[in-house]
Each structure stands twice: as C-alpha cells, then as structure tokens.
Amino acid sequence: MPVIKLLTKLPRRHRIAISALGTAVVLLSLLPGEQAVASRMDGEAAPFAVAGERRPLELEVKNIPFTDSSPHIRERVVQVKSGDALSVIFSRQGLPSALLHDISRLKEARPLRSLHPGDKLTFRFNRNDEFTALLYPLDTTRTLEITQGEQGLKSRIHSASLESRNKFTQGKVSSSFWNAGVTAGLSANQIMNLAGMFAWDLDFALDIRAGDYFTVLFEEQYKDGLRVDTGEILAAEFVNQGRVYRAVRHEDGNYYSPEGRAMRKSFLRAPVNFTHISSNFNPRRLHPVTGQIRPHRGIDYAARTGTPIMAAGGGVVTESGYNRFNGNYVVIRHDSTYVTKYLHLNKRMVKKGQRVKQEQQIGTLGATGRVTGPHLHYEFLVNGVHKDPKTVKLPQASRLPAAELASFTPKADKLLAQLSRVGKVMLARN
C-alpha cells in the first residue's frame, strides 16, 4: 500500500513516534462515555446532568399563608379647587365632621387650615372603607401624615432628603433681560434673584442693552431622581456694555465679588423693580408740562400706578408730604453726605422722623403733582449737589475678614473658572 511504503521510507525515530500516537488514539476511543459511567452508579443520581436530559428537582417548600399587614387598602387623591375648605372636602368624601374636628385640634395640622387651589390631599382607607390616613405635602421635602390608630389620631411630618446637582445656563439680551432669562430656562424667582445680586451695580431698568449676556451656575434639587425644585445661585457673571460683573455665594448666604467685597452696598442703583425709564438724566431737559428748558436733576421711572417704591438705602425720613409740583414726596437722609428724593408718589407709607432700611417700601408710584403720567422721579444728592443716580460713585462695599477671605477665595476661584469655561463653550455654540 502506498501509505505503508511511505512509512518504511521514514527514519526509524519518526516511525516509532507515529506508532505511539496511533496506539494512544485507539485506547482513548475504548474509554466509556458519560452515559456508561452514569449507568454504573447503582441507581444513584449522577453528579452532573447529561446534556439534553431533563431531571426533576425536589425542593422542600413550606406552605405559608399570605396575610396583608398593611392597613391601607385604597387611596384617593383629591386636588383642592378654588373655594374649597377642608370641611367641604371632607363632606365630599363622606367623612364625618367629628373626624375633621379631631384633626383640626392637632398642632401639626395647622397648614390644612389654609389650603390653596392645586394642593393635593391623599386619603387612605382600609378594606371596610374606613379612614386610616391623610397625607398633605407641605413642600418639596416635607409631608404631613395623619394616621388613625387604636389609640386615636397621630400626626408626624416626614422629611425627605434631596439631591443637589449643579447646572449651568447662559442668556443673551435681545429684547429685555426678563425675556433673556426665560429663554435661558431660568424660573421667575431665579431671574429676580439674579437681578438682585447685581442690583447695587446695575440698574436693570436703565443700564441693560441688547447684546448683554450672563452665565449662571445654580443648584437643582432632585427627589428620587426627579427634579422637584431649583436651589441657590452659586455664581454668576453679567457682561453689561462690555463691563464684567461677577458674584459668588458665600457660606453666610450673601454674595461677594471675586475679591471678597460684598455685592450689597449702601445704595441700590434703582429704587423700583421691573420698570422702564421715560427720561434719563439731562441737565437741559425740556419740561413736558411748561415746555421750558429746566434742569431735570434725576431719573424718571415710568410704570403702573401702585408699583412699590423702595428706599435706595437706609436712613431717616426728613420729609414726607405733598405739594402741587412734587405731589406726594419723600426725602431720606442717609448720612451727612447722601440724600435721596422720591416724587409724584401715589401713596406715602412712611412718616417724617421714621428710620427706614434699605429696600423697605416707602410708597407706591403714582401721578400726583405736575406730571403727564404715572412715574417716579428719583433724585440723588451728594453734599447737597444733584448727581446722576446711574453714574454717581457709591461708597465702597465692605470686605470679608482676612480669615473668611482665605477660605472664600479658593472656592470662588474654582466656581468662576468653571463658569468661565462653560461660558466660552456656550458662546461659541451660539
């Protein structure tokens, strides 16, 4: 055979190796398989299951009857409507007035006396349709729970922990600062807080221009993975007509510049919020009533009658009266150097000699005296000389003590660095 002839031609050591290999293959083929081994185990279960073979698995399971230990079988969520009182809601749910009386005596149940449209009440009942509990969310973290037990009513407040996450946003002014804030995804409170941070440096009724932009780093609160509220603004940058203003929140809850100077200063730039200005500072202004050129030593803020007017700074009311030219007016002396005047008020809310705080409401905007429409005329005097309220240099703000500044500066630098990087990326995308 050709194969045998071929083998005879191989060297002797090769023929020996091939013979040994062939013998090993034959011996392996004669070994018993898995099924043969399993059949020789005298009826005992095989330690390993055979591929493709199904075997029953015996388990000892105790028959434990199911018992429902929860007293709450059914829940009913009720949304408060306009005009609803707790008595009306209880009557609508078929609950007895005695239960309402007992609940009203609980100290923790006081918030139920002032329900608001949109609030939600959750009633729980047992299998006999008897009242077992009432739940009322107080805010995003706290829930009032009133339960009915064998010992009577019990109340407690559950507090849930929230997760804080940081978020960035940026807005650019085209029509108004308010619209820019809304477009950037800020809430109404966040927009007002952002304006409040820079209210001592910027007059948001006068200074804002198209092209101004802001970048904000703020917190968002999450509960069980869902966003439930917005937190504090941690840092912000506002670029107004090319000038950059920055503010960082400190541990004391106040905002400071990167150098540690308080954003809150002795005077606000504007004593009225969310208004527009009808005329700017102009020493040779044509008077709208007389038609004569007369100095207009201040700023007019045109707004609806009744708009709140705030004290630009703390001080003492030196005048609070009425005349046919200024209408209702208030004058505040802040110290030996600074005096502010508020004219044409609809209503005065302070008296002569009264001490007022910064941002305290002193009256409402109106159209009293010689005017053509409702507005506030605001004047700022330094050592008896009228100054332009939007450009006058105000007293320097206080600074953080050295010990606090040492801890504030690294945190502020880190937040502002993040704000700057994100701001550049967002600007580039736009």
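The values are calculated or read from the model by the stated rules, or taken from the named source; none is laboratory data. What you are looking at is a predicted structure, and each value in this text was computed from that prediction instead of being measured. When we count neighbours, we look across all protein chains shown, and the Cβ atoms used for this are built from the backbone with ideal geometry, even at glycine. Note: accessible area is taken over every heavy atom of the protein model, side chains too, but ligands, DNA and RNA are not part of it. Shrake-Rupley method; radii C 1.70, N 1.55, O 1.52, S 1.80 Å.
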Region 201-225, residues that are open to solvent by 10 Å² or more (accessible area, probe 1.4 Å) and not in a loop (DSSP other than H, G, I, E, B): 213, 219, 220, 221, 222, 223
Strands (runs of 3 or more DSSP E) lying entirely in region 290-405 (those with 2 or more residues that are open to solvent by less than 30 Å² (accessible area, probe 1.4 Å) and among the small types (Gly, Ala, Ser)): 315-323
Failed item, numbered, when residue 416 is tested on (1) open to solvent by 30 Å² or more (accessible area, probe 1.4 Å); (2) closer than 22 Å to residue 199 by Cα; (3) of a type outside the set (Phe, Trp, Tyr): (1)
Unique match (being among the basic types (Lys, Arg), under 30 Å from residue 253 (Cα atoms) and touching a Gly at 6+ places or on another chain (Cβ under 6 Å)) among 333, 421, 355: 333
Residue tally, condition closer than 14 Å to residue 326 by Cβ and not basic (Lys, Arg), over region 341-364: 6
Within region 343-375, tally of residues that are within 35 Å of the chain's Cα centre (by Cα), β-branched (Val, Ile, Thr) and at pLDDT below 95: 0
Restricting region 226-258 to residues that are open to solvent by less than 60 Å² (accessible area, probe 1.4 Å) and either touching a His at 6+ places or on another chain (Cβ under 8 Å) or of a type in the set (S, T, N, Q) (or both), the residue that is nearest to residue 303 (Cα to Cα): 240
Some residue of region 412-426 being touching a strand residue (DSSP E or B) at 6+ places or on another chain (Cβ under 6 Å), more than 30 Å from residue 169 (Cα to Cα) and not hydrophobic (A, V, I, L, M, F, W, C): no
Filter result for residue 424 (surrounded by fewer than 16 Cβ atoms within 10 Å (Cβ to Cβ), within 19 Å of residue 264 (Cβ to Cβ) and more than 23 Å from the chain's Cα centre (by Cα)): no
Qualifying residue in region 270-284 (condition: among the basic types (Lys, Arg) and either at pLDDT 95 or above or surrounded by 13 or more Cβ atoms within 10 Å (Cβ to Cβ) (or both)): no
